[in-house]
Structures are given as structure tokens and as C-alpha cells.
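The values are calculated or read from the model by the stated rules, or taken from the named source; none is laboratory data. Only a predicted model underlies this, so the values are computations on that prediction, with no experimental measurement involved. Glycine also receives a Cβ, built like all others from the backbone with ideal geometry; neighbour counts cover every protein chain displayed.
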């Protein structure tokens, strides 16, 4: 996929998201996550696709730490400022947890991300390059867990809704066409 | 009547038994077979002529001449036809030789009224028979089978065998139920004074011991073909070697192969590797007939029931006075004290149709029902207490919130943002 196609697809998806956005105002924790990911995404888009010769040398070792510590900082600061728990946005508000449970989940995630960011730097400086690469990819398992969680509890209901809608439309069209002939 | 052009080659000489000769003129009928063409005879409306094709070799013509000569002089005794049935021709037997310019070219035989008859093939399919004006019931079918067996029995008594016996070569009189056998010049004759072989066979009606071989015992071959025709007549056209194999790898695709391997699934003892066709009604046949079928299809040639045995077995059912056929509660004729095959067939076909429709309906509604079930499970809104308990049992670890008060479009918009965040996260950690 060419950079232009990739960007175009992303822009179209974002346009759809804008058109279909919920009309109620997002909470502050949602805004701060949006801004943070917007910035990280813009960085990724710029240096990954367009800027030459690419990112500054040695920055690759810092990238996971930047992400983890950014997330950890948001998760720690947002509740302190009374902006709610950002982990609700990441996991989704589909789970009926109490505020206390959300707080501990938020603290737990912030701790995990802080530790992961620190361990990344430690491994990058002390271990070999291959060991660092291995560590980096093993950390992605956390991403996989989150995706699977989301897939099960959020994407499947949406898919069910969409499928039922498409099926009903298709059967209605079939009935209509059958009545014509 | 318009004058018909008389070509010299159409003027032929008929040689009747006792060498009485007569000059006649032939008119083409447009009907033609593998061996010859059929002509009408102008002064003999009750007869037709079969003239062998011009391509027939002289050697074959000589063989035919000897055979026809013998046949003209030795017409077999056939079952008596009651006086009320006029013009029934039970065999298209040669009645006179035909010579053209003193050269043998064919023979004359009695004309079979095609408007009064239909091919026996049509009786194997009730709908086809009805279209031909024949309302088939078990009484009529048994009578037809009995009449066919009677003719074959008479032929066997004279040491004559048909060999290539198949429904296409048999005509049935719609009202009288007598049968007429065609292509008599292909019969096998083995009398003391004359012998003639019959090389023509049809694999679907050929006994297992003669598959891929010459027919060494023509009467045994006739017995097999007769049993096959009777089975098909009584079982809605199902061939006795049509079945459902449990092991498809070793199941021959063609009937001849199944006959050769004895894959007969309708016996009183079930076959190990082949099952009956679901629409078969053979279980409604009397035990005596089933035993005859078993002997015909599941045994070797010597124990196969002869035409004489079939005559004896079918005679009691073909006779109206024997009381061996009686109407069922719906008025169909059936073998007394046996289930009604017609009702059985209707039930099987109707049941199959109901099951087919039900299956199709379930297949068509399956996607919607599955999605509905998944949705109810995810939202925990099952109306059935059992399903609700099942769904809750699967999700005891995580308590879900009530359905979010957002539309599907809003949810999709949020998920696009979420996936974008995921991609960014992936890019930053990769």
C-alpha cells in the first residue's frame, strides 16, 4: 500500500467517524487521550511516511517508552485533575465496574505502563539489540489482550447489529424484486 | 385417396408358411430401428414388413434368412387371449419371408396397434403412464407382469429365449393389459433342428454371470431380466441394483458394475455395504415375492426363479377371484395383509418433501436466528430462562453494563477512533 493510499484510507475513516460521532460532548479524559494519540499519530505519519531521512538516530529505542509513559502520565494526571479515569475510554464503558474498581484498574494500568517504559530503557541500554527487539514484541501481548477484550465485548455486538441490518435490507430487497417478476 | 407412387423396388414377394407366395407393395412408415426399417403392406393392413438395412452384409442376411425361415414355420404356442380382446399381438413374430427380386430382404409380421399400446418403460413412471392414458395400480401392474412372464414361459417351453429383454422391447395393451414383445428376430433359438444365437444384450438387464461375457444360458438371462422388470414395475421404476452405498469408493457408478458385484440392497437380509433407496416400497411386497426377488438377484443363475415360477407366483395376485389383492382404506389396490405400497410411497415422498421444505426454511432463517441469538447473548436479553441462564453462565467473569444509549453509527465512529489509537500504539511499539 502506498503512503498516499494509506493516508487516504485513514482520512476517509476519520471523516466517517466525524460524521457519525456521538452528539454528546466527550469527557476531559477522552479529549486528553484524543490529543495525545493525535500527536503520536501525527508524529508516526510524518516520520513514517513522509519525512526523510526519518526519525532522529537512536529515537527508535525511546519510542515504546514515550508511548508507555505518555499513557501512564495521562492515567495518573487525569484523575488528579478530576477528569475521570482514562482507562474507561481504553477498555470501554461496557463493563459495569464501580468507581473504586475503575480507579484501581486505572492505577494498575498506569503502574504497568510506567514499569514497561522503564524496563524498555533498561533493556535497550543493557541488553543486546536482538534481546531488546524480543522484549519489545513480547510487550505487544498486552495490546493483544486489549484487542481481544474489545473484540469480544464491543466489536461483536456492533457486527451483529450491522449484520442484522444488512440481512433485513437484503431480504426486503429480495421480496421486492420477487414481487416485480 | 391420392394415388401412391409405386416404385419397382417397393414391390416384393411374401412367402407364407407352406411356400405360398404373394406380390405386395410396401409403403414407408418412417419408422426405423437398428437392424431395419418398418413398412406398411398395402393389401395387408394387419401386417407390417421389416426390411433389413441395405448396409446389412450378405453373410448376415443369409443368417437372418435361415432364422426367419425357421421362425415362420415354427410359431410358438402362446397364452390364450379371450375372445373379447380382438387383435392382440403378443409377439411380433415373423409370419412370412420377404423377397425382392428373389433375394431375401426381410420379413412380415403382425401389426401392433400403437394407439392401443404403450411402451412398458412408461409404466415404470406413474406420471408418464397417466400422460399416456394408463392409470396404473397394483392390480394392473401385477397382471402386466403375469402376462409378460406367461409369454416368456411359453417361449422357454419351445427352447426360445429373448436374451435382450428390456422394457423398451415390450409393449403393453392399455385396456387388455396383455403385452407384446418386439424384435423377435433377435431371439435365441436352441431347438434340436435349428440353433441361432442372440448376441445383442443390454447391460442394465444382464445377469451378473454374463457381464463382460457371452450369454451361455439364455433362459437364466431371461429369468434375470424378467425379475428386474417385475421388480421395477412393482417398485415405481426403482432398479433392484440402485442403492445408497456406505462406501462410495468401492461403489460402481453404473448399474452393470453393481449387478456384477451383487450389490442388491432390497433383500430380506440387509446388504452389508449398500442401503436401499429411501423411496422404495419393496417392504410392502408379499414374502413369497420377496423371496423370489432375493433368489433372482442375490443368488447364482441355477437357483434363479424361472418364468414358470413367476407365472405361478403372480397368477394368484393377477386373478380377481383369488382375493389376494384388496383395497386399502384409501381405495388403492394392495397385496392382502400387507401395507399399501401406494400409501407408503405417498408417505415417503410427502415426508421427504416436508423434511426438504423444513430444512430449506431452517437454512434460510439460520443467519437471522444466529445473529439474534448472538445479540441476545451479548446483551443478556434472552427471553427463554434456559438460554438466559446459559448466557449468564458463560459471562460470569465480567458483568456487562446495560446496552449503551448510543446508536450503531455512533459506536462505529468511536471504534474507528479506537482502532486508530491501536494502530498508532502498534507503530510506536513495533
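Can you say whether residue A:137 is assigned to a helix (DSSP H, G or I), at the interface with another protein chain (Cβ under 10 Å from one of its Cβ atoms), surrounded by 15 or more Cβ atoms within 10 Å (Cβ to Cβ) and out of contact with any helix residue (DSSP H, G or I) (no Cβ under 7 Å at 6 or more places or on another chain), as far as the supplied structure shows?
No.
Here's a check for you: in the stretch A:54-92, which residue that is in a loop (DSSP other than H, G, I, E, B) and modelled with pLDDT of 85 or more is nearest to residue A:155 (Cα to Cα)?
If we take residues in the stretch A:54-92 being in a loop (DSSP other than H, G, I, E, B) and modelled with pLDDT of 85 or more, then A:85 is nearest to residue A:155 (Cα to Cα).
Here are A:96, A:110, A:127: which of them is without any contact (Cβ under 8 Å) to a residue 40 or more places away in the chain and in contact with a strand residue (DSSP E or B) (Cβ under 9 Å, 6 or more places away or on another chain)?
Sole residue among the options that is without any contact (Cβ under 8 Å) to a residue 40 or more places away in the chain and in contact with a strand residue (DSSP E or B) (Cβ under 9 Å, 6 or more places away or on another chain): A:96.
Which number in (1) assigned to a helix (DSSP H, G or I); (2) free of Cβ contacts under 8 Å to residues at least 24 places away in the same chain; (3) surrounded by 12 or more Cβ atoms within 10 Å (Cβ to Cβ); (4) within 11 Å of chain B (Cβ to nearest Cβ) marks the one condition that residue A:144 misses?
Unmet for residue A:144, out of (1) assigned to a helix (DSSP H, G or I); (2) free of Cβ contacts under 8 Å to residues at least 24 places away in the same chain; (3) surrounded by 12 or more Cβ atoms within 10 Å (Cβ to Cβ); (4) within 11 Å of chain B (Cβ to nearest Cβ): (3).
Every residue, every condition in (1) within 28 Å of residue B:306 (Cβ to Cβ); (2) surrounded by fewer than 20 Cβ atoms within 10 Å (Cβ to Cβ), yes or no:
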| residue | (1), (2) |
| --- | --- |
| B:77 | yes, yes |
| B:84 | no, yes |
| B:87 | no, yes |
| B:90 | yes, no |
| B:99 | no, yes |
| B:107 | no, no |
| B:151 | yes, no |
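Residues that are in contact with a strand residue (DSSP E or B) (Cβ under 8 Å, 6 or more places away or on another chain) and closer than 20 Å to residue B:146 by Cβ, at least 2 per element: which helices (runs of 4 or more DSSP H) completely within the stretch B:26-135 meet that?
Where helices (runs of 4 or more DSSP H) fall fully within the stretch B:26-135 and carry at least 2 residues being in contact with a strand residue (DSSP E or B) (Cβ under 8 Å, 6 or more places away or on another chain) and closer than 20 Å to residue B:146 by Cβ, they are B:120-123.
For residues that are in contact with a helix residue (DSSP H, G or I) (Cβ under 8 Å, 6 or more places away or on another chain) and in contact (Cβ under 8 Å) with a residue 24 or more places away in the chain, scanning just the stretch B:246-260, find the one that is farthest from residue B:351 (Cα to Cα).
Restricting to residues being in contact with a helix residue (DSSP H, G or I) (Cβ under 8 Å, 6 or more places away or on another chain) and in contact (Cβ under 8 Å) with a residue 24 or more places away in the chain, the top hit is B:260.
Out of all the residues in the stretch B:317-327, is one or more under 30 Å from residue B:218 (Cβ atoms), part of a helix (DSSP H, G or I) and in the same structural domain as residue B:139 (by TED's automatic domain parsing)?
Yes, some residue in the stretch B:317-327 is under 30 Å from residue B:218 (Cβ atoms), part of a helix (DSSP H, G or I) and in the same structural domain as residue B:139 (by TED's automatic domain parsing).
Residue-by-condition table, conditions (1) more than 10 Å from chain B (Cβ to nearest Cβ); (2) assigned to a helix (DSSP H, G or I); (3) over 17 Å from residue B:419 (Cα atoms):
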residue: A:7; (1), (2), (3): yes, yes, no
residue: A:10; (1), (2), (3): no, yes, no
residue: A:16; (1), (2), (3): no, yes, no
residue: A:23; (1), (2), (3): no, no, yes
residue: A:31; (1), (2), (3): yes, yes, no
residue: A:34; (1), (2), (3): no, yes, no
residue: A:37; (1), (2), (3): no, yes, no
residue: A:42; (1), (2), (3): no, yes, no
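One line per residue, one yes/no per condition, for (1) touching a helix residue (DSSP H, G or I) at 6+ places or on another chain (Cβ under 7 Å); (2) closer than 23 Å to residue B:409 by Cβ:
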position: A:1; (1), (2): no, no
position: A:25; (1), (2): no, yes
position: A:38; (1), (2): no, yes
position: A:43; (1), (2): no, no
position: A:48; (1), (2): yes, no
position: A:55; (1), (2): yes, no
position: A:76; (1), (2): yes, no
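Would you check which residues across the stretch A:76-111 are surrounded by fewer than 16 Cβ atoms within 10 Å (Cβ to Cβ) and away from chain B (no Cβ under 13 Å) and list them?
A:77, A:80, A:81, A:82, A:99, A:100, A:103, A:104, A:107, A:108, A:111
In the list B:207, B:145, which residue meets the criterion of being within 24 Å of residue B:258 (Cβ to Cβ) and modelled with pLDDT of 95 or more?
One residue alone meets the criteria, B:145.
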